[in-house]
Amino acid sequence: MDRRFVSHPLFGFKLLPNSSSLLIGTTNQVYCCNRPSGSSLQQASDQFVEMSRIRIEGLLAAFPKLIGSGKQHTYVETENVRYVYQPMEDVYLLLVTNKQSNILEDLDTLRLLSKVVPEYSASLDEEGICKHAFELIFAFDEVISIGNKENVTVDQVRQYCEMESHEERLHKLVLQSKINETKDVMKRKANEIDKSKIERGILDKGGYSALQSMSSMSSVGRMDSAFSNDMGTLSGDTFGSGSGFGPTSKVDSFSSKSKGRPSAAVTAPTKGMGMKLGKSQRANQFLESLKAEGEDIVDDVRPTKAVAAPSPTDPVTLTVEEKLNVALKRDGGFTNFDVQGTLSLQILNQDDGFIQVQIESAVNPEIKFKTHPNINKELFSSENILGSKDPNRPFPSDQSSDGLGLLKWRMQSKDESAVPLTINCWPSVSGNETYVSIEYEASSMFELQNVVISVPLPALRDAPNVRQIDGEWRFDSRNSILEWSILLIDNSNRRQVAKYIKSCSGSMEFVVPPSDTSVFFPISVRFSATSTFSDMKVASIVPLKGGSPPKFSQRTQLVTESYQVV
């Protein structure tokens, strides 16, 4: 029988040899390198006992010669070591120990490792093992530590491997801080460049007198659309951390278009009506000349401050948030569908911290839950109650706006019907023009709010010719992006597509100069909803010290973190 084999010896190294590749590691390291036919063996090792490379190669080369076909034994002994192994489809799971080792403990270790391997590698062949090599090494590290077997189960190994790293959190916070600083510097530089361009244009067009007449205006410039990238911030405290609602992003104004009716191109947001300062006739003429050259002029526009999430007013506030990551294929189907959810708790008064939270959720085997380390896991598994391991220890109060994370869950699906919104884009070149037809179709699972579909365009000076649209549109000339906005998709605008299925669809058609069809991808989508995939709800609050339970409120939101058509 021609099998590959994997070994994890108790005295400090792991091997995955075969005819074409070698995987060697320790409880801390793993390395993979090619070994062409006839070449010398390449290896890397980080061990907790002294062992030479020649010794490792000798043990590795001797094993295939020691096992023969037809033998039913699960171990082979040589003069110095004992090979304990177990066939697993196309591979061997192998432990190499000294002869003084307890063979019963070795067999127990081997059985546990044989249960761990299928948890991380669905296919037990060379390709599957190499693909999940790092996950297997980390899992083996939880089973064997400093040459001794740990008293753990498969579920505990999986839980330990999924634990978050404090160093990783700190690294992400530092990285995000650097990104924010870089964005601020770029924004300031862009504003300085725009201001210098406008001043140069004023001097070239109207001279110094035109510049003086323009000084009475509060602001003249280009309106640039800003996109905010959501990245969950983690708050560290003595109990834990969680994510809640951050500041609400601004909603850009759009030029309304009648359904199915040709619309005029608009390259700047609609100006608000209000008190305006008087401008001289020469200043107006200068503005008109700039508009004729394709410049976007906005008078007296002041940025709207982001509206923060309302501060909690009830003694107890629980926040359910799910973040959706989807990658749709332009030809149909999808490559990624991932939902990550959190349940966060905010308490105003410390006296209200002696509570337990009774929750309810949809029965879905694809959803995997993980509680905070200080939460009683047995109580949650049996009764769906979130409570502290120590009943005398209350939940902390005075939390940040994100709250205290009690529960996390994750959902990954291969069912295309789970996708709440699909996008079809059909660009076609005809003569000296490119016709682009885009259609969306929303399922009946959610009521989607503030839907914005951003389509990248080739570099254009003028706005595209939008011939038909269901909703509103806006052209961002600097980033060359066409934004299609639908404020609400709910049951009021759905149509019956089958006997038991309702769906909502809309379309947009526009024309641009001849361009490569790949220019219009990737298409980005963002929206929000007030319901979630897990259907997580807080049923009640249970007080631990008797009396009436404190009043509580619940917030629920589904948002897109990354939703693209690639």
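The values are calculated or read from the model by the stated rules, or taken from the named source; none is laboratory data. Source: prediction; values computed, not measured. Every residue, glycine as well, gets a Cβ built from its backbone with ideal geometry; the counts of neighbours run over all protein chains shown. Side chains are part of the model used for accessible areas, which takes the heavy atoms of the whole protein and leaves out ligands, DNA and RNA. Shrake-Rupley method; radii C 1.70, N 1.55, O 1.52, S 1.80 Å.
General remarks:
- Residue-wise HN-Hα couplings along segment 374-384, as the Karplus relation 6.51 cos²θ - 1.76 cosθ + 1.60 with θ = phi - 60° gives them from phi, are 8, 8, 5, 5, 5, 5, 5, 5, 8, 10, 6 Hz; Gly and Pro carry x.
- Residue-wise HN-Hα couplings along segment 341-350, as the Karplus relation 6.51 cos²θ - 1.76 cosθ + 1.60 with θ = phi - 60° gives them from phi, are x, 9, 10, 10, 10, 10, 10, 7, 10, 4 Hz; Gly and Pro carry x.
- Nitroxide proxy distance, nm - points 7 Å out along Cα→Cβ at residue 145 and residue 165: 1.8 nm
- log₁₀ of I(q)/I(0) at q = 0.13, 0.14, 0.16, 0.28 Å⁻¹ - segment 91-136, Debye sum with one point per alpha carbon: -0.34, -0.39, -0.49, -1.00
- Extension gain, residue 542 to residue 468, is 21.1 nm, computed as 0.36 nm per intervening residue step minus the present C-alpha separation.
- Dipole of segment 313-565, positive end: most advanced residue of 317, 513, 374 [Cβ charges, Cα centre]: 374
- Using a Förster distance of 56 Å, the FRET efficiency for residue 554-residue 154 (Cβ separation, nearest 0.05): 0.95
- Amide H contacts of residue 77: 83, each under 5 Å away and 5 or more positions distant or on a separate chain (H built 1.01 Å from N in the peptide plane; Pro and chain starts excluded).
- Surface analysis of segment 377-428 yields an accessible area of 53 Å² per residue, using protein heavy atoms and a 1.4 Å probe.
- Surface share of carbon and sulfur [accessible, 1.4 angstrom probe, percent] for segment 313-565: 47 percent
- Residues whose amide H falls under 5 Å from that of residue 150, counting only those 5 or more places apart or on a different chain, are 144, 145, with hydrogens built in the peptide plane.
- The ellipsoid that matches the Cα gyration tensor of segment 302-451 has semi-axes, each √(5λ) in whole angstrom, of 41, 22, 11, with the longest given first.
- Once both labels are positioned 7 Å from their Cα atoms along Cα-to-Cβ, the gap between residue 435 and residue 104 label points is 8.1 nm.
- Assuming charge only on the beta carbon of Lys and Arg (+1) and of Asp and Glu (-1), the dipole of segment 313-565 about its Cα centre is about 340 debye to the nearest 20.
- ³J(HN,Hα), Karplus 6.51/-1.76/1.60, whole Hz, each residue of segment 445-458, x for Gly, Pro: 5, 10, 9, 8, 10, 6, 6, 10, 10, 9, 10, x, 10, x
- With a cut-off of 12 Å between beta carbons, the residues surrounding residue 435 carry a summed charge of -1, where Lys and Arg count +1 and Asp and Glu -1.
- Angstrom value of the Kirkwood radius, inverse mean 1/r, which spans all Cα pairs in segment 313-565: 20.7 Å
- Placed amide H near residue 467: partners under 5 Å, 5+ positions off or other chain: 509, 510, 511
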